[in-house]
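Structure, as structure tokens:
The values are calculated or read from the model by the stated rules, or taken from the named source; none is laboratory data. If you're wondering where the values come from, they're calculated on a predicted model, not measured in any experiment. Backbone-built Cβ (ideal geometry, glycine too); neighbour counts: all protein chains shown. For the accessible areas, the whole protein counts, side chains as well, though only heavy atoms, and no ligand, DNA or RNA atoms are used. Shrake-Rupley method; radii C 1.70, N 1.55, O 1.52, S 1.80 Å.
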2 protein chains.
Amino acid sequence: MKNYVEDLAQTALFVGIEQENIEKLLGCIQAKVVEYKKDELIIEEGSKVYDFGIMLSGHGRAFKIDTMGRIIIITLLKKGSEIGVILAAGSNHKSPVSVQTEEDLSVLSVPFDGLITRCKNNCPQHDRLLRNYINIVAEKGMVLHERIDCLLKPTVREKIMTYLVRVSREQGCRTIAIPFDRYAMSEYLNIERSALSRELSKMKRDGLIDFHKSEFKLL
Amino acid sequence: MKNYVEDLAQTALFVGIEQENIEKLLGCIQAKVVEYKKDELIIEEGSKVYDFGIMLSGHGRAFKIDTMGRIIIITLLKKGSEIGVILAAGSNHKSPVSVQTEEDLSVLSVPFDGLITRCKNNCPQHDRLLRNYINIVAEKGMVLHERIDCLLKPTVREKIMTYLVRVSREQGCRTIAIPFDRYAMSEYLNIERSALSRELSKMKRDGLIDFHKSEFKLL
DNA sequence: GGAGGTATGTTGCGTACGCAACATAATATA
DNA sequence: TATATTATGTTGCGTACGCAACATACCTCC
């Protein structure tokens, strides 16, 4: 456990808490480290989730399989990513997604009750932890909202622009690097990859944007 | 303030807290009642939001205006609805939506800091309140996720089915009443109203569903 | 009941975009 | 440098669906 504390200090959940206090807190909230093998399921679609997790290493993905058997990627996970934060805090707990590892990795697992229940030692760091947790849940909500914002746009061009403008605002610059390759971008915006490429080319021709691979410039 | 306590006891924020304790809490968290006139803005798009609200009466709507000047309804608000819960709890606070009243009404306004900061009296209800709040934020996230689930479906028919099946599961019955008229339903699923009607009719012809107005039956 | 208003259903037309198939560019492998 | 592999771009075709215009059902208020 101890060797993870340094990494945990970098996460959104423990931001603002000194490392020595993190160690104390971990016991307090009944956190434990769980190891997973490659391709193992951390969360199974339909199962009930009462613990949330923080990725301590490796990569994973949250996905679901729809009625036609298509795989739909919901999120990609890396070191520091949170797992099941909304689920554990909700009242239903039944997971709409599966979470699977892409390699051997370990996860810090925390029962939501351990987090929310005020410990007898009444440590002040607990407050900060709770505040951080609420913050994470809220930010996840914002991220979902932002995606809906793109999805609601009627045309491919507007979807693209909505997304690019947002990222540009976030990065405070008209030249931006996006965290997607074309395929992932097309999935995020719910467009065919080829249709996305087609429209991007048109937009370049129209002098709206310039781009090369994942670098975009708004004109 | 006092006369609202009974109503507040019915809300998700105060569930599980006895009325006499609610009254105490309200002072503790620095809640106040704010009156709004018809068509007044409670939240303005782009403004920073640090307080959340609970609708004490009347109706309102959360919306945004996109680049083409179209009005996009995000949520409809009624007595008991929460306002700005995710925003106040987030780290950015800048609102992507406007919230406007549809008539004269009043709102219980609570600074997020008042909620999250442990009061000196250290009242046990405060814990429950926090737990309820996290619950609300998480549920809002789930709701957004569910909508994305529909929006990601490639065809109108699949969007419709995804939505109806979910509501059917929620209500535990194959015959359901949905809270939308056709137009609202089409907006929620991001479909043209006429295209929605067309597909619904086809689905009825195909023996997939039956419906009359807002009553649907899955076959 | 009639008249106006709103919600819902129907239909023809045109096109944006899904789809498939191929072309080219970038990257890895040897 | 040649070769396989993967990312991205291009293009023709067909259709699902947006759009507009109209039809019908339902509701409300004289």
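Determine ³J(HN,Hα), in whole Hz, for all residues of the stretch B:9-18 in sequence, where each value follows from phi through the Karplus function 6.51 cos²θ - 1.76 cosθ + 1.60 and θ = phi - 60°; x replaces Gly and Pro.
Once θ is set to phi - 60°, the couplings for the stretch B:9-18 become 4, 8, 7, 5, 5, 10, 4, x, 10, 5 Hz.
Specify which residue in the list A:L152, A:T117, A:I65 is farthest towards the positive end of the charge dipole of the stretch A:46-182, using unit charges on the beta carbon of Lys, Arg (+1) and Asp, Glu (-1), about the Cα centre.
The one lying farthest along the dipole's positive direction is A:L152.
Among A:G46, A:G58, A:G207, determine the one that fluctuates most according to a GNM of chain A built with springs between C-alpha atoms less than 10 Å apart.
Answer for the Gaussian network model of chain A: A:G207.
For the protein assembly as shown, which whole-number percentage of the solvent-accessible area (1.4 Å probe, protein heavy atoms only) is attributable to carbon and sulfur atoms?
51
List the relative contact order of chain B as a percent without decimals, with contacts defined as Cα pairs under 8 Å and 6+ residues apart.
19
What list of ³J(HN,Hα) values in whole Hz, one per residue of the stretch A:100-114 in order, does the Karplus curve 6.51 cos²θ - 1.76 cosθ + 1.60 (θ = phi - 60°) give from phi, with Gly and Pro shown as x?
For the stretch A:100-114, the Karplus curve yields 10, 7, 10, 6, 4, 7, 10, 9, 7, 9, 10, x, 4, 5, x Hz.
Using heavy-atom solvent-accessible surface (probe 1.4 Å) with all chains present, what is the largest-first order of A:E40, A:E35? Display every interim value, and only then the final one.
Numbers: A:E40 75, A:E35 125 Å².
Largest to smallest exposure gives the sequence A:E35, A:E40.
May I ask which of B:K159/B:K202; A:K94/B:K79; A:K94/B:K217; B:K159/B:K217 have a Cα-Cα span longer than 22 Å here? Display every interim value, and only then the final one.
Values: B:K159/B:K202 14 Å; A:K94/B:K79 28 Å; A:K94/B:K217 25 Å; B:K159/B:K217 16 Å.
Violating the 22 Å Cα-Cα cut-off are A:K94/B:K79; A:K94/B:K217.
Helix A:19-28 versus the longest principal axis of chain A: what is the Cα-based angle in degrees, 0 to 90, to the nearest 10?
Orientation of helix A:19-28: about 70 degrees from the principal axis.
R0 = 30 Å: FRET efficiency of B:N3 with B:E45, Cβ-based, nearest 0.05?
Working: r = 32 Å, r/R0 = 1.08.
Calculated transfer efficiency: 0.40.
With springs connecting C-alpha atoms under 10 Å apart, model chain B as a Gaussian network and identify which of B:P111, B:P154, B:P124 has the largest mean-square fluctuation.
B:P154
Considering only protein heavy atoms, what is the solvent-accessible area of A:E170 at a probe of 1.4 Å, reported in Å² to the nearest 10?
120
Given R₀ = 60 Å, FRET efficiency for B:T175-A:E170 by Cβ-Cβ distance, to 0.05?
Efficiency, from the Cβ-Cβ distance: 0.85.
By how many degrees, between 0 and 90 and to the nearest 10, does the Cα long axis of helix B:193-205 differ from the longest principal axis of chain B?
The two axes meet at around 60 degrees.
Pull out a ≥ b ≥ c, the square roots of the eigenvalues of the alpha-carbon gyration tensor of the stretch B:153-218, then state rounded if a/c is under 1.5, prolate if not and a/b is larger than b/c, and oblate in the remaining case.
Because its axes are fairly even, with a/c under 1.5, the stretch B:153-218 counts as rounded.
Quick one: angle between helix B:125-151 and the longest Cα principal axis of chain B, in degrees between 0 and 90, rounded to 10, please.
Taking the Cα atoms of chain B, the angle to B:125-151 is about 20 degrees.
How many square angstrom of accessible surface are buried between B and A, both sides summed, with a 1.4 Å probe and rounding to 100?
Interface area, both chains combined: 3700 Å², rounded to the nearest 100.
List the residues, sorted by chain then number, that are 5 or more residues from A:D51 or on another chain and whose placed amide H is less than 5 Å from its amide H.
Correct list: A:F112.
Divide by every residue of chain B the summed helix terms, -39500 (n - 2.57) for each DSSP H run of at least 4, and state the resulting mean residue ellipticity at 222 nm, rounded to the nearest 500 deg cm²/dmol. Let's see the in-between values first.
Working: 8 runs with 88 residues, N = 219.
When only DSSP H runs of four or more count, the value is -12000 deg cm²/dmol.
List for the stretch A:78-103: residues with 50 Å² or greater reduction in accessible area, all protein chains versus chain alone, probe 1.4 Å?
Checking the loss per residue gives A:I86.
Taking chain B as a Gaussian network, where each spring joins two C-alpha atoms under 10 Å apart, which residue of B:F14, B:F180, B:F112 fluctuates the most?
The residue that fluctuates most here is B:F180.
Report the charge-dipole magnitude of the protein assembly as shown in Debye, nearest 20, computed about the Cα centre from +1 at each Lys and Arg Cβ and -1 at each Asp and Glu Cβ.
Taking the Cα centre of the protein assembly as shown as origin, the dipole is about 1020 debye.
By a straight-distance test (C-alpha under 13 Å), which aspartates and glutamates pair with B:K78 as possible cross-link partners, with residues fewer than eight away in the same chain excluded?
B:D7, B:E102, B:E103, B:D104
In debye to the nearest 20, how big a dipole does chain A give about its Cα centre with +1 on each Lys and Arg Cβ and -1 on each Asp and Glu Cβ? Intermediate values should be presented prior to the final figure.
Working: 32 positive and 30 negative charges, 151 e Å.
With Lys and Arg at +1 and Asp and Glu at -1, about 720 debye.
Just the number please: accessible area per residue for the stretch B:1-57, 1.4 Å probe, all protein chains included, in Å².
The answer is 57 Å² per residue.
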